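Here is the structure we will look at, set down as structure tokens.
The values are calculated or read from the model by the stated rules, or taken from the named source; none is laboratory data. None of the values given here were measured: they were computed from a predicted structure. Positions of Cβ are generated from backbone atoms using ideal geometry, with glycine treated the same way; all protein chains shown enter the neighbour counts. These area figures cover heavy atoms from the full protein model, side chains too; ligands, DNA and RNA do not enter into them. Shrake-Rupley method; radii C 1.70, N 1.55, O 1.52, S 1.80 Å.
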Amino acid sequence: MLYIYPVSSPVCKNNNKIIEPLVEKFKSRSIEFNLLHKFNNRSHPFAFLILTGGSEHEVMSLVKKIEDPVLLIAHSEENSFPASLEILAKLSQINRKGKIILLNEKEGSFEELKNTIKIMETREKLKESKIGLIGNPSGWLVASSPDVDIITGSWGPEIIKIPVEELLEETEHVSSEEAGIYSEEFFSKGEKTIEPGLQEIVKAVKVYIGTKKIVERYNLQSLTIECFKLLKDLNTTGCYAMSKLNDEGIIAGCEGDLPGTLTMLWSYYLTGEIPFMANPQDIDIDNNILWIAHCTIARKLLKSYIIRSHFESSIGVALQGKMKKGPVTISRIGGEDLKKVSITDGKIIECELNEKRCRTQLKLKLEDSVKYFLKNPLANHHIMIRGHHASLLAEYYNFIVQKQEK
């Protein structure tokens, strides 16, 4: 739903005649909107509809009452577009972010508006979200352990710090009977089981149930766990828990990687695609190939899976999954202030099996150069989603996150 406030010249007496055909265009393209008759800076996402020339001063006076970015919807008559140009130029001069969407007879402009609405709705969802940090970022995440205030300030979500001991306690209180239903379902749908027995699966399921109770207690939309702590204290893994939570739309990242988990949540909100957090394993510069792998993945992404042990520790439960070939997007949020992103489209060309790598393994061909991973990577973990969404993610970054330059 886009909240639209029409603005026109004080001398214009025909606002309704200008608005009516635009409203019909919105309706015919299934664009949900609410036309505001009174300015309200609490309505989000919000746009100014520039009806005529001479509306510049009113818009600039109201801009002071709203947050960036400023969306200006223009049309090709009544000097709407010229007025929008003047407003956007002034916004740039005062270091405010904004953009114009010019609605004309080209369908692309309405598709751009739909994407921009999706972007602004995603921003609001991120601002309303809570990401749980259960434990601490893993010690090896030397580039991925920012101050939590940076995450909130740059991208919006509130970070809820939760002692890992709380998860350990919840997990220990889960009965084998309670875990049994999930264990049987997971076991029965697997192609086969190699290392873990049923009791190992039950232990891993208990971590999921314990984590789910924490999700409900703190009203979390996302979380990341210091999962290697589970190996030491519970002699099991969080891989099943992460997989199932992601299947349920509770976006779960590994190893206490907050920027990586933020990337997962961002891409999920914007595209609706379930994310996969993975380690880059190898590259082929000549053919622009990237190999990625990790021990947990949402089962909704898989056409089949084998139940394995965790790669590094050889204990607990992990998933060795197979995905369908097809288009994907790889992304990562990073940098000291989390104002940098890496985004590229690509495609899955093969699912592989190398016993010296994490269990789910994919061979990808990327559109952008894999030399990025050698020269200026933002981190280890990168996030994959199905489909080609690089342009939409980049549009979000440019409109919402990237610093405005004068």
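For residue 24 and residue 218 in the same chain, what is the full-extension length gain: residue separation times 0.36 nm, less their Cα-Cα distance, in nm?
Length difference between fully extended and current span is 65.5 nm.
The antiparallel fraction among DSSP beta bridges confined to the chain stands at about 55%. In loop segments of region 178-209 as defined by DSSP, the GluC sites (Glu not before Pro) with at most 16 further C-beta atoms inside 10 Å of their C-beta are 191. Cα centroids of region 135-181 and region 1-66: 43 Å apart. Computed with a 1.4 Å probe on the full set of protein chains, the accessible area for residue 60 sits at about 40 Å². Note on region 14-72: Lys pairs 8 or more places apart or on different chains, Cα atoms under 20 Å apart, count 5.
Suppose a student asked you for the relative contact order of region 231-325, using Cα pairs under 8 Å spaced at least 6 residues apart; what percent would you report?
RCO, region 231-325: 30 percent.
Panel values: the chain, Kirkwood radius from alpha carbon pairs, Stokes-Einstein at 25 °C and 0.890 mPa s, translational diffusion coefficient 107 µm²/s.
What the Cβ-Cβ distance of residue 371 and residue 325 gives, at R0 = 22 Å and to the nearest 0.05, is a FRET efficiency of 0.35. Of all the options 223, 102, 374, the one that moves most in a Gaussian network model of the chain with Cα springs shorter than 10 angstrom is 374.
A simple charge model with +1 on the Cβ of Lys and Arg, -1 on the Cβ of Asp and Glu and nothing else charged puts the dipole of region 75-162 at about 360 debye relative to its Cα centre. Expressed as a fraction of 2.2 N^0.38 Å, the C-alpha radius of gyration for region 1-155 is 1.24. Rolling a 1.4 angstrom probe over region 302-376 with all protein chains present gives an accessible area of which 46% lies on carbon and sulfur atoms. Extension gain for the segment residue 178 to residue 62, taken as residue separation times 0.36 nm less the Cα-Cα distance, is 36.1 nm to one decimal.
In this Cβ point-charge picture (+1 for Lys and Arg, -1 for Asp and Glu), the chain has a dipole of about 620 debye about its Cα centre. Across region 280-406, the relative contact order, built from alpha-carbon pairs under 8 Å that are at least six residues apart, equals 28 percent. How much area per residue is accessible in the chain when the probe is 1.4 Å and only protein heavy atoms are counted (Å²)? Averaged over the residues of the chain, the accessible area is 45 Å².
When you work out D = kT/(6 pi eta Rh) for region 100-248 at 20 °C and 1.002 mPa s, using the Kirkwood radius from C-alpha pairs as Rh and the Stokes-Einstein form, the result is 120 µm²/s. Per-residue surface analysis assigns residue 194 an accessible area of about 80 Å², computed on protein heavy atoms at 1.4 Å probe radius. Most mobile of 313, 331, 144 per a Gaussian network model of the chain (Cα springs, under 10 Å)? The residue that fluctuates most here is 313.
Between residue 304 and residue 352, the simple label model (points 7 Å from Cα in the Cβ direction) yields a spacing of 2.1 nm.
In a fully extended conformation the segment linking residue 17 and residue 312 would gain 99.4 nm over its present Cα-Cα distance, using 0.36 nm per residue.
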